[in-house]
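*Asks:* Mind looking over this structure? Questions follow.
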Amino acid sequence: MPQTFADRFARALQESEAKKDPGPVAGLFGDDAELSNLAHEERGADGARRFWQEYLDAFGTIRSEFSAIKQADGWALLEWTSEGTLPAGKPVKYRGVSILEVDGERVSKFRTYYDTAALVTPPAAAT
């Protein structure tokens with residue numbers, strides 16, 4: 001089975017995560033790309049680099065595994081679970097979905113939705 005753009009995206013994200021380098025995944029975005037998650041929006045190729053650098057900086061380590069990857073007619077859907085550590089070393093695991101609009105060999109729009117509860121550190125208990 002030929003590799004889809006969505007498969008290439010998943011591999012590029014895993015490479016970026018392993019290297020702590022936004023380059024592999026950010027390089028898949030077009031000059032006019034729009035990126036958003038629940039807390040942040042960026043535009044363009046430089047915005048893609050900032051977006052992915054911010055993602056990588058939010059973790060000490062992170063690795064995404066994909067449970068579903070579907071692509072058709074310029075759209076891709078990736079369902080994933082990410083597991084790693086926060087910068088202070090606390091383990092983290094969360095799930096989400098990313099939606100890509102693909103224009104040729106570049107992402108034109110990227111939206112991702114995920115479980116934010118896993119990323120929140122509860123306040124220290126009052127003594």
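*Asks:* Run down SER82, SER67, SER98 and say which single residue is within 15 Å of the chain's Cα centre (by Cα), exposed (fewer than 14 other Cβ atoms within 10 Å of the Cβ), among the polar types (S, T, N, Q) and under 20 Å from ALA18 (Cα atoms).
*Replies:* SER67
*Asks:* Let me ask something else about it. Name the helices (runs of 4 or more DSSP H) wholly within region 1-79 that hold at least 1 residues that are touching a residue at least 12 places away in the same chain (Cβ under 8 Å) and of a type in the set (Val, Ile, Thr)? Give the steps one after another, and end with the answer.
*Replies:* Numbers: elements: 5-19, 23-26, 44-57.
The qualifying helices (runs of 4 or more DSSP H) are 23-26.
*Asks:* Residues being under 20 Å from THR81 (Cβ atoms) and surrounded by 14 or more Cβ atoms within 10 Å (Cβ to Cβ): count how many of those fall in region 25-50.
*Replies:* 2
*Asks:* Condition (residue is among the hydroxyl-bearing types (Ser, Thr, Tyr), touching a Gly at 6+ places or on another chain (Cβ under 7 Å), part of a strand (DSSP E or B) and surrounded by 16 or more Cβ atoms within 10 Å (Cβ to Cβ)) applied to region 113-121: is it met by at least one residue?
*Replies:* Quick first cut of region 113-121, residues among the hydroxyl-bearing types (Ser, Thr, Tyr) only: 113-114, 116, 121.
Within this subset, residues satisfying the condition of being touching a Gly at 6+ places or on another chain (Cβ under 7 Å) are 113-114.
So of that shortlist, the ones also part of a strand (DSSP E or B) come out as 113-114.
From the residues that got through so far, the ones that are surrounded by 16 or more Cβ atoms within 10 Å (Cβ to Cβ) too are 114.
For region 113-121, residues among the hydroxyl-bearing types (Ser, Thr, Tyr), touching a Gly at 6+ places or on another chain (Cβ under 7 Å), part of a strand (DSSP E or B) and surrounded by 16 or more Cβ atoms within 10 Å (Cβ to Cβ): present.
*Asks:* Collect the residues in region 45-96 that are over 22 Å from PHE5 (Cβ atoms) and aromatic (Phe, Trp, Tyr), keeping them in residue-number order.
*Replies:* PHE59, TYR94, listed by residue number.
Bear in mind that the values in this text are calculations on the coordinates, not laboratory data. This structure is a prediction, so every number in the text was calculated from the model and none was measured. As a convention, Cβ positions derive from the backbone with ideal geometry for all residues, glycine included, and neighbour counts pool all protein chains shown.
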